[in-house]
Amino acid sequence: MKVTVLQENLAHGLSIVSRAVSPRSTLPVLANVLMATDEGRLRLSATNLELGITCWIGAKIEEDGSTTVPARTFTDLVSTLSDREVGMSLNVRTQTLNVRCGASNTDLKCIDAQEFPPMPAVDTSDGLQIKVSELKEMIQQVVFAASTDDARPILTGVLMTVKGGKVTLAAADGFRLSVRKADLASTSGHSISAVIPARALSELARIASDGEQLVTMVMPRGRGQVVFRTKDVELVSQLIDGTFPDYEQIIPTKFKTRAVLSTSAFLKACRQAEIFAREGSHIARINILATGELQPGSVEISGQSEETGSNQNIVEATIEGPNILIAFNVRFLREVLDVIRTPNVALETSTDTAPGMLRPVGAQVADGEFLHVIMPMHLGS
Amino acid sequence: MPIRILSPEIASQIAAGEVVERPASVVKELLENSLDAEATFVSIKIEGAGQRLIEVTDNGSGISETELPIAVERHATSKLSTSQDLFHITTLGFRGEALASIGSVARLTITSRPLDADVGTRLKVDAGHSSPIEPVGAPVGTQVRVEDLFYNVPARLKFLKHETTERRLIDNLVTRYALAYPQVRFHLFQENKPALQTSGNGDRREILAALFGVEQARQMLDVLAQDDWMHVTGFISPTSLTRSHRRDITFFVNGRPVQDAALAAALLKGYHTLLMVGRYPIAVLFLQMPPELVDVNVHPAKAEVRFREPERIFTGLQGAIRRALLAYTPVPGLQAQLRWAPENPPAPTSRQIDPAWNLDQVSARKGWQVEMQPELDRQPTDELPGGAAHALAGQPSFPDTRVPILRLVGQVANAYLVAEGPDGLYLIDQHAAHERVLFERFMSQLPEVLPSQSLLQPATVDLPPANARLLTDQLPFLARLGFQVETFGPHTFLVRAVPNLLAGSDPAAALRVLVEDFEEDETPLQAEREARLVARVCKRAAVKAGHALSPDEQRALLSDLEACQSPRTCPHGRPTMIHLSVDLLERQFGRRGAR
């Protein structure tokens, strides 16, 4: 193999694939990045057997070939090279990669590409297409609600359902549920329901940078995998086996009290309450008060702990329905308010033991596009 | 005092003491009679945990009018006639003592009708005095009612355990017989509520579910082995399912439940090296062998037997267990582990490389201070005035056990913190330390109801009957802890909310771990039980070994530990820290002469 690439491109490619490298694996080759020439470009791949990321970068290829380079060493090296062309040539017999850049000359011990787990090629011609910017927003609005506890693997995933030109992402960790719907860029006849690891989606949101591009999604039959492909990046993830809880029945259909308030003011109040609540039980008390016919109502958000003290914030709000005092985990509130983009947000609930529902409010938001359910906390006394 | 022959009443009460020691033993004797009478349906009714009423009804062969008065005499039996028969016992009973013994300590009513008789007969015995028999209408079979057990032996009454315990013993006993006789239909009613109902269709796994819960019953492995004179069937747990005690190991020899240390040893031998130290399997095993090879006439309650050729039986059993285990034990799957795992586990001998570092020797030299509360410190709480309050705090606290201000040095092996104090080096077990911190925090908040987090969907938990009963008893306390649990069927529960502290973990597993292996007999005090439950919650919620902590988290844990009342042990009594004094370090480095 003999190739020349731009340092900038190589560094960028390595930063994309390095997230799938597993440095502590029992399989030493998984700590390496596969480099292979591929139809006039250089292909970089890394996998931890659950998640695989491939990235193609432009290269001048003099001789085809492939090898695997130690990810850590190579990334550190490339990041310190000067911003010019990097020439690489492989001695196949000794599996030594010579890297030259300006005055720098390096010989790097590699592992034969034969040992790298095969990354099967996927036909993406009949895949579903969605705009990168939209998919990124969808992912950010649900992944945080997925569980991080390995005891219930199914909840560490995000349920993706595709039906009639619409795609829905849903994640739940047992205490909250986030559901986001969107239209597909291309309509597809078949419907899909699969649970994708939340981590894989987070990585996808991170590496898919160009918002105007389209991302293509394929689930090859019988492989238990999902493939996301943009122009020069491909992400392959194992799907999670199992049945995702039927979330539709969890979503409350009725409410008694509805408060509409400023998202940013609510978020700020939650951030302040969290400073005090995090020492104790993470409880934020939400006191929804409809003051009178002609005055605006208010929502009081408070957090307290025995050690640090207490904090209250009053946010003006439009209230429908009776007054209510309800408690939520303040972190849950903060995390969902962080991803709501509209200036106003609605909080709907019925009693202090019924679930609370948050949804964005605004003309540009389609009904039911995003909704988030949080189960309340019960106060001691 | 002159020596006298005891009156017949006293003599029979003494004899009864050997056979009938608690309600469960009455149930056992009556049940065995029913089974010996070849009944296909046995219904048992218990009231007042067996003290008020034990009623066993069967559809067996019945007792004829002429035999009935003899049946309640001592040493009266139909099961044996010559002394030779004693060595070929094929029935469960043979001593002829059961009915007489029960009759002498309770009010006994026997109603029976054999198949060939037109009417049944009834006989009443009250504290050993039988009244004349009377004819009554009765279905074929025998009904024995035992009322007011031990009413004339107050000493015995006093030694009965709590009602729930007695009920649980009866549950366990009947369930085990139901397992041994799957073709017999059993109905057990405790306080007018069905506790066990089997179909009698011969399916043992169904009954196993009643004993251990559906989940665990499903995991149990089948054992089936036969050689020319012994036949072993039954169920054993896979190596992943274990208990901290041996009580769930049950053996039946020729249909008779026996306790035999040697059989249990053979079972454990079969599991050798597959189980952790201190863990025991669950097993229900049925051994069939020719009657002349076992001697059952060893123990009044027949709980023990002697084997004619013990070695052959033990090797046979051990082999059968091992084969079943190896056939079913899967190769552990390769899984991505976040945990720090050394490539070569440290060899246990490594400590002996340098004798100066041999921990055992050094600690004998007084230099090392392994800061462990001696066992003596745990005072028997119920003897103290205000014992309950003491028990609530877990272990008694001593003012001088507080740790000094510590400076964090770092984390070792993702499991231990290293810290420096004014008097030397401290090694702290992060899991045990966190457990202690959580425990004290919980206990200080407990007078109030703790906050809890509701679940999106309630989780259903299916528990074995014994655990279910315990859980039902503790529901009010669990509600204070933050568990909102509702009963949802006899042994099924709905978890609606969990303590905030456990919000990260599987709610069903959290609840199950709370009551699993719980010993209600060990501590009669409710306060002590509550402390135990809290300790379990803390154990579950505490950060595990193998979890990397950020420096801030490490520092927070240290300062929390400094604030604890008794920081040196975890709520289960294991040490949280080891202290290496400056003095010891200096000696070890040869800066100061060895003493």
Check your understanding: Looking at B:220, B:230, which one is buried (at least 17 other Cβ atoms within 10 Å of the Cβ) and within 21 Å of the chain's Cα centre (by Cα)?
Key -> B:220
Point to revise | Selection count, region B:240-253, where residues are open to solvent by 40 Å² or more (accessible area, probe 1.4 Å) and touching a residue at least 12 places away in the same chain (Cβ under 8 Å) | key: 3
Practice item. Would you please list the contacts, defined by Cβ atoms under 7 Å and residues six or more apart or on different chains, that run from a residue in region B:469-484 that is within 14 Å of chain A (Cβ to nearest Cβ) to a residue that is surrounded by fewer than 16 Cβ atoms within 10 Å (Cβ to Cβ)? Key: B:480/B:449
Revision key, fill the gap. In region B:255-278, anything β-branched (Val, Ile, Thr) and in contact (Cβ under 8 Å) with a residue 24 or more places away in the chain is listed as B:258
Check your understanding: Residues B:549, B:456, B:514: which one is at the interface with another protein chain (Cβ under 9 Å from one of its Cβ atoms) and either open to solvent by 10 Å² or more (accessible area, probe 1.4 Å) or assigned to a helix (DSSP H, G or I) (or both)?
Key -> B:456
**Study point:** Any strands (runs of 3 or more DSSP E) falling wholly within region B:58-171 and containing at least 2 residues that are open to solvent by 20 Å² or more (accessible area, probe 1.4 Å) and closer than 29 Å to residue B:200 by Cβ
**Key:** B:141-147
Check your understanding: Inside region A:17-31, can you point out the residues that are open to solvent by 10 Å² or more (accessible area, probe 1.4 Å) and either away from every other protein chain (no Cβ under 14 Å) or of a type in the set (Val, Ile, Thr) (or both)?
Key -> A:18, A:19, A:21, A:26
Exercise for review: Among what's in region B:552-578 and is among the β-branched types (Val, Ile, Thr) and open to solvent by less than 50 Å² (accessible area, probe 1.4 Å), pick the residue that is modelled with the lowest pLDDT.
Suggested key: B:569
Check your understanding: Name the pairs: first residue in region A:76-105 and outside the structural domain of residue A:10 (by TED's automatic domain parsing) and under 18 Å from residue A:9 (Cα atoms), second residue part of a loop (DSSP other than H, G, I, E, B) and among the acidic types (Asp, Glu), Cβ to Cβ under 7 Å, at least 6 apart or on different chains?
Key -> none
Check your understanding: What do you reckon, is residue B:581 open to solvent by 20 Å² or more (accessible area, probe 1.4 Å) and among the polar types (S, T, N, Q)?
Key -> no
Check your understanding: Can you find even one residue in region B:258-270 that is in contact with a strand residue (DSSP E or B) (Cβ under 9 Å, 6 or more places away or on another chain), open to solvent by 30 Å² or more (accessible area, probe 1.4 Å) and part of a helix (DSSP H, G or I)?
Key -> yes
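Here is a yes/no grid of residues against (1) within 14 Å of chain B (Cβ to nearest Cβ); (2) under 23 Å from the mean Cα position of the chain (by Cα); (3) open to solvent by 10 Å² or more (accessible area, probe 1.4 Å):
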site: A:15; (1), (2), (3): no, yes, yes
site: A:50; (1), (2), (3): yes, yes, yes
site: A:60; (1), (2), (3): no, no, yes
site: A:66; (1), (2), (3): no, no, yes
site: A:75; (1), (2), (3): no, no, yes
site: A:85; (1), (2), (3): no, no, yes
site: A:99; (1), (2), (3): no, no, no
site: A:103; (1), (2), (3): no, no, yes
site: A:111; (1), (2), (3): no, no, yes
Point to revise | strands (runs of 3 or more DSSP E) wholly inside region A:1-115 that include at least 3 residues being closer than 25 Å to residue A:196 by Cβ | key: A:41-47, A:51-58
Practice item. Check region A:146-163 and report whether any residue there is touching an Asp or Glu at 6+ places or on another chain (Cβ under 9 Å), away from chain B (no Cβ under 14 Å) and of a type in the set (D, E, K, R). Key: no
Practice item. Select, from A:316, A:335, the only residue that is away from every other protein chain (no Cβ under 12 Å) and part of a strand (DSSP E or B). Key: A:316
Practice item. Scan region A:355-367 and give yes if some residue there is within 14 Å of chain B (Cβ to nearest Cβ), out of contact with any Asp or Glu (no Cβ under 6 Å at 6 or more places or on another chain) and open to solvent by 10 Å² or more (accessible area, probe 1.4 Å), otherwise no. Key: yes
**Study point:** Residue list for region B:409-435, restricted to those being of a type in the set (S, T, N, Q) and either closer than 13 Å to residue B:577 by Cβ or not assigned by TED's automatic domain parsing to the domain that holds residue B:548 (or both)
**Key:** B:430
**Study point:** Output for region A:280-307, where each listed residue is part of a strand (DSSP E or B), away from every other protein chain (no Cβ under 14 Å) and open to solvent by 50 Å² or more (accessible area, probe 1.4 Å)
**Key:** A:289, A:300
Revision key, fill the gap. Taking region A:290-301 and keeping residues modelled with pLDDT of 90 or more and under 19 Å from residue A:357 (Cβ atoms) leaves A:299, A:301
Practice item. With respect to residue B:34, determine if the residue is in contact with a Gly (Cβ under 6 Å, 6 or more places away or on another chain) and at pLDDT 85 or above. Key: yes
Review point. Is at least one residue of region B:12-34 over 30 Å from the mean Cα position of the chain (by Cα), aliphatic (A, V, I, L, M) and either part of a helix (DSSP H, G or I) or at negative phi (or both)?
Key: no
Practice item. Can you run down the residue pairs with Cβ atoms below 6 Å, 6 or more apart or on separate chains, where the first is in region B:279-294 and closer than 15 Å to residue B:232 by Cα and the partner is at pLDDT 85 or above and surrounded by fewer than 17 Cβ atoms within 10 Å (Cβ to Cβ)? Key: B:288/B:231
Exercise for review: Name, by its number, the condition in (1) farther than 21 Å from residue B:448 by Cβ; (2) charged (D, E, K, R); (3) within 14 Å of chain B (Cβ to nearest Cβ) that does not hold for residue A:352.
Suggested key: (1)
Practice item. Keeping to region A:278-323, report how many residues are on the phi > 0 side of the Ramachandran plot and within 32 Å of the chain's Cα centre (by Cα). Key: 1
Practice item. Output the number of the condition that residue A:172 fails; it satisfies all remaining conditions of (1) more than 14 Å from every other protein chain (Cβ to nearest Cβ); (2) in contact (Cβ under 8 Å) with a residue 24 or more places away in the chain; (3) crowded, with 17+ Cβ neighbours inside 10 Å. Key: (1)
Exercise for review: Answer with yes or no whether residue A:326 is more than 29 Å from the chain's Cα centre (by Cα), part of a strand (DSSP E or B), closer than 28 Å to residue B:498 by Cβ and within 14 Å of chain B (Cβ to nearest Cβ).
Suggested key: yes
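The values are calculated or read from the model by the stated rules, or taken from the named source; none is laboratory data. Quick caveat, the model's predicted, so the values are computed rather than measured. Reconstructed Cβ throughout: ideal geometry from the backbone, glycine too, with neighbour counts over all protein chains shown. For the accessible areas, the whole protein counts, side chains as well, though only heavy atoms, and no ligand, DNA or RNA atoms are used. Shrake-Rupley method; radii C 1.70, N 1.55, O 1.52, S 1.80 Å.
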